[in-house]
Amino acid sequence: MKQLITNATLLTLAGDHEPRTKGGMRSVGLIRNGAVFMDKGLIQLVGLADTVLRDPEVKKGQIHDAGGRIVMPGFVDCHTHPVFGEARLKDFGLRTSGKSYQEIAAQGGGIVSSIRSTRGATESELTQRLLDQSSRFTECGTTTIEAKTGYGLDKDSELKALRAIKHVAAGSPLEFVPTFLGAHAIPPEYQGRPGEYVDMLIKDVLPVVVQEGLAKFVDAFCEKGFFSQFECRKFLKAGADAGLGVRIHAEQLTRSRGASLAAELKAASADHLDHADAVDLVKLREAGVIAALVPGSNHFLGHRDYPDARKIIDAGVPVALATDFNPGTCPCWNMQEVISIATTQMGMTVEEAIIASTINGAHALGLGKTHGSLEKGKQADVIILDCSDYRELAYWFGSNIVSKVFKKGKLL
Ligand code: NIG
Ligand code: FE
C-alpha cells in the first residue's frame, strides 16, 4: 500500500554513502514542513512537502499527518544476542549483592549458565520466544537487528538458534541479520580446551552454517577467560575464508587485543572497545572498521566507566550504537535508552547518537546502501516520534516516544 507522511519534521540523515565520521556525524538532514511518500516497500519521494505533494501519485497513498513531529529512519541495532532460553535473574541477584560479572562467570554463572536453557529449548520454542521479542524491538522503533547465536555452543544448538532466527525473519516485520557467534564462551565439555572447541566449530558447524546460508557474519568474544586473540583469529579467519563477514567483541572487560585483530581482519565492526587505546583507534580507522558501542551493558553491569566515544569519534573512527540485547549484560531492547546513555555518559551529541543508531548501524551490517536514511530508493523503514524536537529522543529517558513504525512501507 502507498503511504504518505505529511507535515513532518524530517531527519533524513542523507549524506555521504560511506560510514559517517567526525563532522559527518553531526548532520542529521533536518527538513521542516517535509513529506515522505512510500510505495513498493521503498521511499519514492522525500523532501519539502511542497515539492513531494506536487506529484499526483502521492494522493493515492494513505495519508498520515505527522503534525510537525519528527519523522526519521527506523533504528538499526547492529549488535544483539536475542536467542536464549531464559532470563538470568540469579546472576543479576548476585551482582546486586556485589559480585562482578567475571566472578559470577567463574562460579558457573554468566554465558555458560544460559547454555542449559538454550540447549533444553526446542527449535519451535526458541522461535516463538524470538518472535515475541521481535515485536518489542519494533514497538520501540527498531526496524532491523543483527542477531547473534552464542548460547547453544554445540553443533545442534548453534544450528537450532540460527534456524530459529531464519524462521522468525520469514514471519516478522523486524528484519534480521544473523551472526554465528560460536566462539562466545567455552562450553563445560571443552573446559580448559578452547583450541579444540574452536577446531570443532570450524570443522563441524561452520560448513553447515555456510551451506544452509544461515549467517552473514561470524563473531568471537576476545577476552581473558574466553577466547585469546590467537583462537579468535583462527575462528574468524575460517569464517571469512568461507565468505562470511567478521565482527568481534573486543576490549570489553580487559585489554584483549581484539581491536587490533579486527583491524587485521578488516572486520565490519569492533564492538564494546572499553579498553581500546589510541594505537587501536588508528588501526581501526585505517582498516575502515566501525566501532559499535554498546553502553547499555556498562549501565546494567554497574560499570562507572564507559567506552570513550568522544575520543573514538575524534580519532576519525565511525561509531555505531547498539543495545547488545542479551540476558546477561543488557536486557534492554530500546535504542532510545541507548541514545540517552550515549549522550549523558559518553560525551556524544544527540546528532551523533542518532547517526550512530541509524545510518552507521546500517553500514556496520553492510546495509548502508539500502537502510539507515530517508533517501529516494532506499527501503521504506520509517518511524514517527511523538515529539517535534529530536533532542527529546535522548531527553525522555526510559520512555518510548515512537508512535508509528513503517517497515518496508507497511504500517505496523
Ligand atoms: O556483549 N561479552 C560477551 N557477550 C555479551 C554478554 C553475554 C552474556 O553475558 O550473556 C556482551 O556483553
Ligand atoms: Fe555482545
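Are any residues in the range 101-123 in contact (Cβ under 8 Å) with a residue 40 or more places away in the chain and among the hydroxyl-bearing types (Ser, Thr, Tyr), and if so, which ones?
Selection gives 101, 114, 118.
Among (1) touching a His at 6+ places or on another chain (Cβ under 8 Å); (2) more than 28 Å from residue 139 (Cα to Cα), where does residue 267 come up short?
Every condition holds for residue 267 apart from (1).
When you go through 409, 372 one by one, which is the residue that is closer than 23 Å to residue 135 by Cβ, surrounded by 24 or more Cβ atoms within 10 Å (Cβ to Cβ) and modelled with pLDDT of 95 or more?
372
Would you mind stating whether residue 263 is more than 24 Å from residue 330 (Cα to Cα) and either hydroxyl-bearing (Ser, Thr, Tyr) or open to solvent by 20 Å² or more (accessible area, probe 1.4 Å) (or both)?
No.
Look at residue 150 and say whether it is in contact with a His (Cβ under 6 Å, 6 or more places away or on another chain), within 13 Å of ligand 1 (Cβ to nearest atom) and either assigned to a loop (DSSP other than H, G, I, E, B) or under 30 Å from residue 298 (Cα atoms) (or both).
So residue 150 fits the description; yes.
If the requirement is being aliphatic (A, V, I, L, M) and in contact with a helix residue (DSSP H, G or I) (Cβ under 6 Å, 6 or more places away or on another chain), which of these qualifies: 383, 359, 355?
Answer to the selection: 355.
Residue-wise test of (1) touching a Lys or Arg at 6+ places or on another chain (Cβ under 6 Å); (2) assigned to a strand (DSSP E or B); (3) exposed (fewer than 15 other Cβ atoms within 10 Å of the Cβ).
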| residue | (1), (2), (3) |
| --- | --- |
| 6 | no, yes, no |
| 13 | no, no, no |
| 20 | no, no, no |
| 43 | yes, yes, no |
| 54 | no, no, yes |
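Condition test on residue 381, is it in contact with a strand residue (DSSP E or B) (Cβ under 6 Å, 6 or more places away or on another chain), at pLDDT 95 or above, more than 24 Å from residue 251 (Cβ to Cβ) and open to solvent by 30 Å² or more (accessible area, probe 1.4 Å)?
Spelling it out, it is not the case that residue 381 is in contact with a strand residue (DSSP E or B) (Cβ under 6 Å, 6 or more places away or on another chain), at pLDDT 95 or above, more than 24 Å from residue 251 (Cβ to Cβ) and open to solvent by 30 Å² or more (accessible area, probe 1.4 Å).
Being hydrophobic (A, V, I, L, M, F, W, C) and open to solvent by less than 50 Å² (accessible area, probe 1.4 Å) is the filter; apply it to the range 58-71 and report the residue that is farthest from residue 1 (Cα to Cα).
Among residues in the range 58-71 that are hydrophobic (A, V, I, L, M, F, W, C) and open to solvent by less than 50 Å² (accessible area, probe 1.4 Å), the one farthest from residue 1 (Cα to Cα) is 70.
Given the residues 350, 338, 319, which is the only one that is hydrophobic (A, V, I, L, M, F, W, C), surrounded by fewer than 24 Cβ atoms within 10 Å (Cβ to Cβ) and closer than 28 Å to residue 278 by Cα?
Testing whether each residue is hydrophobic (A, V, I, L, M, F, W, C), surrounded by fewer than 24 Cβ atoms within 10 Å (Cβ to Cβ) and closer than 28 Å to residue 278 by Cα leaves just 350.
Where residues in the range 277-303 are within 15 Å of ligand 1 (Cβ to nearest atom) and among the aliphatic types (A, V, I, L, M), which of them is farthest from the chain's Cα centre (by Cα)?
My answer is 301.
Are any of the residues in the range 28-35 closer than 17 Å to residue 358 by Cα, in a loop (DSSP other than H, G, I, E, B), open to solvent by less than 60 Å² (accessible area, probe 1.4 Å) and touching a helix residue (DSSP H, G or I) at 6+ places or on another chain (Cβ under 8 Å)?
Yes; the residues of the range 28-35 include at least one that is closer than 17 Å to residue 358 by Cα, in a loop (DSSP other than H, G, I, E, B), open to solvent by less than 60 Å² (accessible area, probe 1.4 Å) and touching a helix residue (DSSP H, G or I) at 6+ places or on another chain (Cβ under 8 Å).
What helices (runs of 4 or more DSSP H) completely inside the range 72-128 contain at least 2 residues that are more than 21 Å from residue 190 (Cα to Cα), open to solvent by 30 Å² or more (accessible area, probe 1.4 Å) and not hydrophobic (A, V, I, L, M, F, W, C)?
Per the criteria, 89-96.
The values are calculated or read from the model by the stated rules, or taken from the named source; none is laboratory data. Values in this document were obtained by computation on a predicted structure and should not be read as measured data. Quick reminder, even Gly has a Cβ in these numbers, built from the backbone with ideal geometry, and neighbours come from all protein chains shown. Ligands, DNA and RNA are excluded from the accessible area calculation, which covers all protein heavy atoms including side chains. Shrake-Rupley method; radii C 1.70, N 1.55, O 1.52, S 1.80 Å.
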